[in-house]
Each structure stands twice: as C-alpha cells, then as structure tokens.
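Right, one structure below, let's go through it.
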2 protein chains.
Amino acid sequence: MRIAVIGGGAAGIGAAGAAKGIDPSAEVVVYTADTDVAYSPCGIPYVHGREIESFERLFLATKEQYVNTGIDVRYETTVTAIDPAAHQVTVAGHGEASYDRLIIAAGWNYAPVNVPGADLDGIYEVKYIRKAMEWDKRLDSCKSAVIVEAGLIALEMVAALVHRGIKVTVVDEASWPMADVIDPDIIEPVRQSWQDAGVDMQWGNRVTAFVGDGSVSSVATEQGDIEADLVIIGTHKVPNNPLAAAAGLKIGATGGLIVDSRMRTSDPDIYAAGDCTEIPHGLTNIPLQGLSGSHAYAQGKTAGTNAAGGRRDYRPVFVPWGLLAGEWMIGGVSFGETLATALGAKHVVGKAQGITRARYYPGVKPIIVKLVAEPGTLRLMGAQMVGGEGIKERADFLAMAVRVGLSVEELATMENVYSPAIGALNEPISVAAQNLLAAL
Amino acid sequence: MRIAVIGGGAAGIGAAGAAKGIDPSAEVVVYTADTDVAYSPCGIPYVHGREIESFERLFLATKEQYVNTGIDVRYETTVTAIDPAAHQVTVAGHGEASYDRLIIAAGWNYAPVNVPGADLDGIYEVKYIRKAMEWDKRLDSCKSAVIVEAGLIALEMVAALVHRGIKVTVVDEASWPMADVIDPDIIEPVRQSWQDAGVDMQWGNRVTAFVGDGSVSSVATEQGDIEADLVIIGTHKVPNNPLAAAAGLKIGATGGLIVDSRMRTSDPDIYAAGDCTEIPHGLTNIPLQGLSGSHAYAQGKTAGTNAAGGRRDYRPVFVPWGLLAGEWMIGGVSFGETLATALGAKHVVGKAQGITRARYYPGVKPIIVKLVAEPGTLRLMGAQMVGGEGIKERADFLAMAVRVGLSVEELATMENVYSPAIGALNEPISVAAQNLLAAL
C-alpha cells in the first residue's frame, strides 16, 4: 500500500504515524514545502518574546527519527497537482508519483491583506520556523510594528513585541481583539494590559496600504498613517486548498475540505485532516475551520488510521481553546455570548469572578468564568474565561460538559477540591452556574 | 425563629449565613469553643512552612463583620448537652438556651493515639489557629519531630517542618503515606521527595509510647526509640459526636451523624453538616466521613437553608480531593486502585505520564493520571493523579465525569486545549483513557 501525505504539520505527521501504526508495511511518503517537520510552530511567538530561549527547543524530533520509523519525508518538496482518477500526484521537479491512498494535510494561510504594498519587505507572517529564525534577528533593530488584525497570533505577538521593546500599534476593524470569538468583558483584562504597556489600539480602523521604498516604512489606514518598520499579519486562517479545488474535491462554505467522520473527502481514496478541512460544530452543525494543533493531530491520526485500512472516527467538535496573552490566560468552549447572539441562538448567561487558590496563598490569581446556556433546558452551550491560571483544564472540562449535554444545574452542584495551595473554597464554574440559576 | 448552630467552622458558618439568607428575621446563634471563626485552618501548615507570611492572613472576616450580618457568634462557649424533646441546648456557664431548629456542625478530632504519655507537652494537634500561633514560635527551637501516621496533615506538615530545618521521622503502620486513599505509584514522587529531603520514613511501624519528663523527649515504637522534641498527630479524622450520641441522634458506622438529602438528622428539628456527618458515596452508597472544607461549607449551606424553611438538597459525593505536598500536587476522585481492590470492586485501569504545557515551555511540569473504570461498561469509577500543576481542575472534572457516568471512551476522544504556555498537545486524561482501551 502506497500512502502519500501532503503536508508535514501536526495533521500530516499524525496521519503518517497512524498509517504506519496500522500497516507497518505501507510505504508512507510525506511531501512538505517546509524545511522541517516535527517542530511546534505554536511556540514561535514565545521565542520572539524570549519566554523560550531558542528555536531549537521547538523541534520535537530529528529528521533521523522519522527515517527510523520508516516514514519517508520529502522536505522542500511541493505537490503541484492531484489526479484522483489516475491516483497520482505531481511533485515539482520530480514528475508523477502514484498513491493508493492520499491524505491532504495542506494546512492554512493567513487571509491575504489585499492592499497596495503587500509585497514589500518587512511584512512578517508568523508561520515557518526558518523564517522565524531570520525574523528574530531583525526584531532587534525594529522600532515600531503594526499588527494587522487582532487575531490569535496578535494576542501572542503583542506581548512578544512589547518584551522586545518594540512600539506596537494594532489595527482592526472590530471593536476589541478576536472579536469574532471572544466576548468583550472576557478580553477586557488583556486590552487593559495592552493599554498599560503603551500599545496603540486602533479599533474600527482598516489598513489601506503598506508604504515604503523596498521595505515598509509606514502603514496607511483609513484614519491616517502609522510609522512602522515591521508589519505582522494577524488575519484569520484560510484553508490552503487550491490543489484540492483543482482536483475537484468537494469544498465547503468555509473553504475547508468537506470530510466524513472518517476524515474521508468526496473522493473515496483521498482523506484530509487539519486546517484544510472543515468540521461540524457539535451543537449547531455549523462547519468550523481553523481549530488547534491538538485537533489537527487527532484528525491526522483518524485520517491515517482509516487510509491504512483501520477504523477510527472523528466526532463533531466543541472546541475548547485557550492561550496566554501576556499575563492573562484566556479561553473558552463552543460559543461566547457574542457568537451566540450573532448566530441568533437564544441563550442565558451566568458569570462569576473567583480566585484560583486560597485568597491568602502565594500565587493566587483572579479568574472570571462565564457560562452560556440554552433557555429552558439550561444545557450548557459554551463558556468563556479569563484568569491567571487553570484556564486550559477548565476549558477541557466544559467542552466535555457541552458535548454530553450537562445542565447548569449539574454545574451548580458540582463538587470541587478545596486545598489552599491549589484551589479555592468556591469553584468559579460552580458559582457562575449558581449565579445563572439565581438570576432566572 | 431561633436557630442554634453548634460549631463555627466552614459548616457552621455556612449554615448560619444560609439560614440568615433565607429568613433574615431568624435569630441565629453560633456556639463555638474556639476563640475565632471565619479563618482557614487548612492554611495552618503553610504558615508553619513559611509559604504564607502570617496567621493573620488566614482570617477571612472580622468579628464585627459577623455582628453586622446579624449572626450572633458566642466565642469560647461550649455546648454540653442537647435536649431534643425540650428543644434546648445546655451552654456551659450559661444554662439552657432554646431553639426552634438546631444545626450540629461540631466537626472532628484526630483519632486518639492511645499510648502512654499522650498527655505530655510537646504533642501537637494541628487544628486551631491560636494554638498554631503558639506552636509556630516553638518550632524555631525544635530539632526533631515524629509524625504519628502519615495522614493528610502529615503530607502537608512534612514539607513545612523540613522548611523549618527540623529533622522529621514519619511512623505509620501502612506501607506508604495515606495508604487508605492513595495508590502507591501515585504517592511515589512524594515519597521520593521526602527521601531526598532526609525524612526518616518508618513504614510498618507503630508508636507504643511518648516518653519524657513533662515534655516529650522521645517516641517509643515497636522498632525502637526515636529522639524527638516535637510530635505531630497525623491520625485520621473522627467525627466529634459525643453530644449528638448522648442526645440519641442516629449515628452511622463511620461515627458520623446520619443525615438525609436535606442534611436533617434523625430528629426532624436537628440538622447537621460537615465532618460530624457521614455522606453516601455516589457510586457505592458507602457512607464517607472526613471530606473537605468545601464539602463542609456546601453541606452547611444546605442545612442552614432547610433549617430556616428553605429547600436545598445535598447529593451523594464523588469526592474530588487534592493537596500540595512539597513540590508535588496529588489528588484524585472517588476510588483509586487500592481502595477499589479493598472494596472488592472489579475494575480496569489506564495510566498515562504526560506534561502540563508544551515540552519546551518554561514551567512545564510532569503529570501522571490514572483512571479506574468498571469492566464492561467502562464507566469511570475514579482517578488518581500526581503532578506539578493542574491537579485540582482535573479532579473537579473527573468527579463530574464519575457523577454523570461518563465512560472511558468519552474521555479517550475528549478535545483538549493545546497552546504551548498553558497546555500540551496531548491531554494526559485522554491518553490514560486511550491506554486503558488499548490494553483491553
């Protein structure tokens, strides 16, 4: 069995490993345009911010380790076409290669900023590790940066650039950071911390051009010019599917490949995984695109298992998410209030401000939990949180709570660990649920 | 309505506050033998260990604040008898006081160590804040301590005494710390840390006498004498129910008061809450006694609400627990392997060693998760964990998972947050579940 994988990120590597696990005799070839696989691109902002000492730390495995597992990784190799009927891919400079099963894990790109000057030097898309290494050196001499749209990468890069002593301006048409995902009250501590750090936030503004002679020197916006020797692209993820589209594979409304529960595309011998796919939201069935590396990896394992003749199903998602933005962790599950409202989903809300350890214990941090529930049944629909610790674990819990249909009544009566050094007397999830019930 | 409360701990204060909340006109009197209420006794070991700077930090509210809420707290006041028929309590030095509803929140005592010399000076039961203040000064001149039985308080006090430069010997008949609750593989990192810190651990040994002239100078054991100028009692909690027993209230096998779901005792006008009660385990219905301050507080609120004419139910418990023992957090839910085996409960086990953040992110800590499930249905029965962070939040999650009957299959496919600074690619709960399934 010949299994070809397009893409060497979490999804592609997960797929290749799973396929080899199911069928050790399979010939598994991974094509990647990147110079490396098996590194963590998610760590790049934290190396820029000097929280992590070097890019070398982001590598998870050496190239030899892949050779040893029998996975044939072709670096800096671009697939230029897929021919589903012939079961072939065209590899730039190498001609055709045939496959029995193909797994597309082609990932994503930043949504293009279609303004004049987009090809100037000095515009940085945080994505690939070798580029990041070059950029990291340049950051030392950068004085001022404009971040175009306050997406997820912006939330991480603002803190990094501030740490590096670079004057930061954020330009975004929305009214607060990551406005399509996060509620304004939840992001408020982050926005406040940016303000305290001297970040210039231009909400409701839009970039109209990048200006400069060879290299960017300023950014033109609807509300005036901003001096900048660095531009960070913070736009949302767009599935990287020109190849799949040209091959006639079915693509959904988000631009992601449509897959079934086994991560199979509209072609029975082609699977897909990661950011190039779209996955139904567990409550609404609305297709979602641009999930986390953890999702990509699990989807990859599913695709690889099935492609190699095994059986594994991937389920609709409830999307626990979280990240560190400076000193604040933010996170959530499924919907916040803003998204629920935008979707026209009727909902009730409960919120609590709590603490993460006993009030008197060193390292205690504030935490805000907001729960969104369905009126009547009071089933949990989603949650949003901001705090100093314990956000990821609570998001994992609440994602499961949404998945299995737990009601706010269950959460209001939940038991919780109380021990001064690790948890407070009152769990904020429970208090938020109690507050929701009390308000009805 | 006259509501009397015996005990000023988390249960008693929770009950008094809830009763006032339901019926602001109620006359609520709290009798406590202690000098203070509204402090956190759980914090005492950490002040001894100098993690917390002073005992003053443990106070949650001033005495005036209680006066202002209309709760009449009678400090250093002992109730010596309850007369259910007459609806009266006898208060030492003050005669009879009548009540319409009584709430017993009399707490617990350390199981007595019935050996000669138990009345010597130098034997410390960690419990009351004023005593702790006196003891804290004495610790400066203590050279060597014996901890009698490695219960929960021992797990916290070993680290505290080591921080204070005191030579520590632990004597316990069992084979590892907290052997009735914790599995040996889970406590192993703690045991190892004690060994590294030079703690003398005498497992399978028993104290036979405390020896000294007025003050303790050594501890006699079955395996020889141990020099010690300090003894810490680390025995398990025993419900403090002589009064309730004398009043003819029904007491269960654990020594705890039997209560219904509204925290009502066998007398319709007497409620009880906290460590003097016993509560059924949600899976087995086995009565449990000696839960956490968080449980006591929630039970108190239930008892107070119902005593004052409101309606609130308390549910069987699944007991998430956790604590910090030196550098390690340990915790769990419901059963571990050891307890499941002791109870004759058939079970299967899955275990995973993971990490709490990305491998390369500063502050990343190891974590071990062990899941115990029912054969066949694969419903989660319990869990045990040890790690550097995130134990309390996972225990809260898994307690809910046991309560609502989640299966290991659900946990094996759970989604998790992945973001380098706050969570690893693979969630150890999920990996433990996957390992359990793979082993079947």
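Is there a simple number for the mean count of other chain Cβ atoms within 10 Å of the Cβ of residues in B:35-45, and what is it? Walk me through the numbers before you get to the answer.
Numbers: counts 0, 0, 0, 0, 1, 7, 1, 7, 7, 1, 2.
Taking the mean over all residues of the peptide, I get 2.
Looking at chain B only, what percent of DSSP beta bridges run antiparallel? Nearest 5 please. Let's see the in-between values first.
Values: 55 of 90 bridges.
Percentage antiparallel, nearest 5: 60.
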Cα centroid separation - the stretch A:16-74 against the stretch A:340-392, whole Å: 36
Cα gyration tensor category, rounded, prolate or oblate, for the stretch B:1-141 with a/c compared to 1.5: oblate
The stretch A:233-302: trypsin sites (Lys or Arg not before Pro) falling in loop per DSSP and having at most 16 other Cβ within 10 Å: A:Lys250, A:Arg262
Among B:Leu380, B:Leu243, B:Leu257: highest mean-square fluctuation, GNM of chain B, C-alpha pairs under 10 Å: B:Leu243
GNM flexibility winner over chain A from A:Ala38, A:Ala85, A:Ala352 (Cα, springs under 10 Å): A:Ala85
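Viscosity 0.692 mPa s, temperature 37 °C: give me the Stokes-Einstein translational D for the stretch A:105-172 in µm²/s, with Rh taken as the Kirkwood radius over C-alpha pairs. Please report the intermediate quantities before stating the final value.
On the way: Rh = 13.1 Å.
It diffuses with D of about 250 µm²/s by this estimate.
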Greater than 22 Å apart at Cα, pairs in A:Lys63/A:Lys392; A:Lys392/B:Lys392; A:Lys131/A:Lys237; B:Lys63/B:Lys127; A:Lys370/B:Lys351; A:Lys346/A:Lys370: A:Lys63/A:Lys392; A:Lys370/B:Lys351
The stretch B:236-358 - share of DSSP beta bridges that are antiparallel (%, nearest 5): 75
Interatomic Cα distance distribution for the stretch A:355-439, bins of 5 angstrom, percent: 3, 16, 26, 25, 17, 9, 4, 1, 0
Rg and Dmax [Cα atoms of the stretch B:265-315; Å; Rg one decimal, Dmax integer]: 11.0, 31
DSSP bridge pairs, the protein assembly as shown: antiparallel proportion in percent, nearest 5: 60
Convex hull of Cα atoms in the stretch B:43-96, direction-averaged projection (nm²): 5.8
Surrounding net charge for A:Trp328, when Lys and Arg each add one and Asp and Glu each subtract one, Cβ distance under 11 Å: -1
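Quick one: divide the alpha-carbon radius of gyration of the protein assembly as shown by 2.2 N^0.38 Å and tell me what you get.
On the way: Rg = 30.4 Å, N = 880, 2.2 N^0.38 = 28.9 Å.
The protein assembly as shown yields a ratio of 1.05.
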Sparsely packed GluC sites (Glu not before Pro) within the stretch A:267-349, loop by DSSP, other Cβ within 10 Å at most 11: A:Glu327
Cut-off under 5 Å, modelled amide H: who pairs with A:Tyr271 long-range: A:Leu102, A:Ile103, A:Ile104, A:Thr265
Neighbour-count ranking [beta-carbon atoms within 10 angstrom, fewest first] of B:Ser141, B:Ser218: B:Ser141, B:Ser218
Of B:Ala298, B:Ala97, B:Ala307, the one that fluctuates the most in a GNM where chain B has Cα springs shorter than 10 Å: B:Ala97
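Among rounded, prolate and oblate, which fits chain A when a ≥ b ≥ c are the square roots of the eigenvalues of its C-alpha gyration tensor, a/c under 1.5 means rounded, and a/b larger than b/c means prolate? Let's see the in-between values first.
On the way: a/c = 1.75, a/b = 1.20, b/c = 1.46.
Cα axes put chain A in the oblate bin.
All of the numbers you see were taken from the coordinates with simple rules; none came from a lab. None of the values given here were measured: they were computed from a predicted structure. Using ideal geometry, Cβ is built from the backbone for each residue, glycine included, and neighbour counts are taken over all protein chains shown.
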